[in-house]
Structures are given as structure tokens and as C-alpha cells.
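Accompanying notes for the structure given below.
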Amino acid sequence: MGRGVTQVKLRVKLTVLGAVLLCFAVPASLSIDGGDGIGWQRDQLMMWLFFAAPSLLATWVLVNRWWTGPGERLSTMDGPARLLAIAVAAMPDDRKEWAVAMEAELTQVQGRSARWGFALDTARAAVIAQRGLRRPAPRRIAPSPAAAVIVVLAVAGCIATTAYAFVHYPTTAERFGPVKATILAAILAGCVWLALRPPRSLMTSRRGRWIGIASGFVLSGYLLLTDFMMPEGTGDAGELAALGLLMSFLVIALVGVQFLGALYVAGMESFRSGIQTAVWSAMTGMLLSFSVWMVMMMRKHPPDSPVPNVMAGDLSEAGFWTLIWFPVWGLPFGILGAALSGVKTQRQIKQETITWTA
């Protein structure tokens, strides 16, 4: 049994990791062109593997966390038992005893068809029973009005800067294209939904929510600071310095803020609270940084500049390096920070247990 469970666990991990790797493989395959030689292709492949590494490691951590909860129990069940377990989980508290009794009775049923028949009948009875019960709706944690206002205003800033670019830079809308515009609209709509109707898993930690939002302001503030630190020169030295400042924001600052924020909150509360910190930080930071990025580019290329057409490229860069890069690169480090804090806490508990028993 132990060996079988281990094999199932390995298959689940490989399947999930393969799905994540496929998400990176598709854009990587599109970016690698055979016309630039084997060396360039190798460099592109190594770059995409470097980008994918944090997400793969964070996914491994999340699968391990899930496995220590319901994952291991579900892996030892057959189809009827899993169906019944789902039905039991959906039952109200005052019907749990009946549901647990049905689970125990299923263990006495032999034969594949008989087990499926019993599980389906029980699940159907559970659904009918729930429809007949008049019970109050499950309590939903109310969203934080202040947090919702901050996120909605940040989304409004993204819409305003984008609309300004479309109006004052005539070729931007045409060159930006409908596909990119649809992706941008979907991301902004998703952020508004998370702010106004956040799932329960994002609302259990007030500390995590506000530290995450504060982290987003820190990241966008650092990006604004880099704009004032940009050198005036346009030579190789100036371009290298500007690239260094930008990379310090996209890599070092983003990783540090996400990792340390989640590490701190998870150490104070729990792993789940650390994840909430990372999510709020990524969402707030990417929205605010998008607006800051657009304003920076508009200052660099005003509408009456000799090269106003570059704004379409700047809009694409702003969308990629903030709205996509933040969750893809920064969020995994937040998950790793929360997991590292959890490992440290477990070691402390183990040491305290040893001390007390001694």
C-alpha cells in the first residue's frame, strides 16, 4: 500500500509540474527562431528554464502541502469512495453523522458496480436532502472596503493611462492589437473581481492583506524612484546603467519584497496567510507599477516627440513586465517564502517537544 501511494504521489507531482512547464514551453517555442543559430537558441532555452524554475519549485511545494491534507487520503480511494467523500464534504454540519455512516457502509459493499450504485444513490440522496433543508446561507467573509477601493483605483489608473495613450498616440491602438487588448481587459477585470468578491481563502488574514498591499506600494514606489535615477546619457554606459536599474526592480526588488513579506506573515500566522500576502502584493504591485511604467514612458516620449509611435511598444512592455511578470516571477517566491517560514516553525515545534519530553 505504501509503495502504491508513493507512486500515485509521484504521478500527481509529475502531472502538475508538466502542466506548469507546458505553460512556459508554449511561449518559449514561439520566441526561439531557427534563423539565429544554435547558440542563440540555447541561450533562449536557458533563459526560459531560468524563468520557469521558481514556478516549478513553488508548484512542488503546493502539491506537497495539498498531499499532506486531503491528497493522500483521496489517493487511496477508488472512484465510488471519492465521489462519496465529495458528497460528505458538501453536507451541512447537522447531517455529517449520516454522511459518515454512509462512508462506513460503503466499505462493506463489494463489487465495482455495486459500489458505484451505492455511491451514486447516496450522493443523490445528499443533494435532495440539501435542497429540502431551509438553512441560512453560508456566512461569507465581507471584503475589506479600503482594500477594494485601493485595488479599484489602481485598475482605474491602468485604464486611464492606457486610454491616454490610445487618444494622444494615434497609432498605439492599432499596433497594440485586439488580442493584447483583450488580455489586458481580462487581467484588469479579474483584479476588480478579486477586490470586490474575494474568495474566503484571501480574506482570513488581515495582517497578510495589508502587508501585501503595502508591499505593492513599495514596489511601485521603487519603480518610480528608478525613473529619477535614470542617467541622462544615451551612450552605452547610460543604457547599461538604465538596464541595471530596471533589472534591479524586476528581479531583486520584486523577489525580495514578495519573499520577505510572505516569510514574515507566515511566521507570525500560517502558511496560508503568507500566500495571501504574496497574492495581494502581486496584485497591488502589478497594477500600480503598470500606471507608473506608462507615466515614465510618456515622460520619455511625449505626444509631440519625434518618435511618438514607440508608445505602442512601451504599452506592450508595460503590460508584460508588470501584469504578467509580477505573478509569474514574483508570486512563486512569495510561496517559497511562506513555505520556508513553515519549515522553520515546524523545526522550532519539534525542538520544543524534545525539550519538554526531556
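Each value in this text was obtained by applying a stated rule to the coordinates, not by laboratory testing. All values derive from a computational prediction rather than experimental measurement. Note that each Cβ is placed from the backbone with ideal geometry, even for glycine, and that neighbours are counted across all protein chains shown.
Sort 254-263, 164-173, 330-339 by packing, meaning the average of other beta carbons within 10 Å per residue, with the highest value first. Intermediate values should be presented prior to the final figure.
Numbers: 254-263: 23.7, 164-173: 16.9, 330-339: 26.4.
My ranking of the peptides, most packed first, is 330-339, 254-263, 164-173.
Pop a pseudo-label 7 angstrom from the Cα along the beta-carbon direction at both I324 and V152 and give the gap in nm to one decimal.
3.0 nm
Pull out the extension gain between I252 and V109, defined as 0.36 nm times the separation in residues minus the alpha carbon to alpha carbon distance; nm, one decimal.
Details: separation 143, 0.36 × 143 = 51.48 nm, distance 5.81 nm.
Once the chain is fully extended between I252 and V109, it gains 45.7 nm.
W66 to A189: FRET efficiency via 1/(1 + (r/R0)^6), r the Cβ-Cβ distance, R0 22 Å, to the nearest 0.05? Please list the in-between numbers first.
Details: r = 28 Å, r/R0 = 1.27.
So the FRET efficiency works out to roughly 0.20.
Between M46 and I159, with labels modelled 7 Å along Cα→Cβ, what's the label distance in nm to one decimal, could you check?
Spacing of the two 7 Å Cα→Cβ label points: 4.5 nm.
How many nm separate the modelled label positions at C23 and V167, each set 7 Å beyond the Cα in the direction of the Cβ?
3.6 nm
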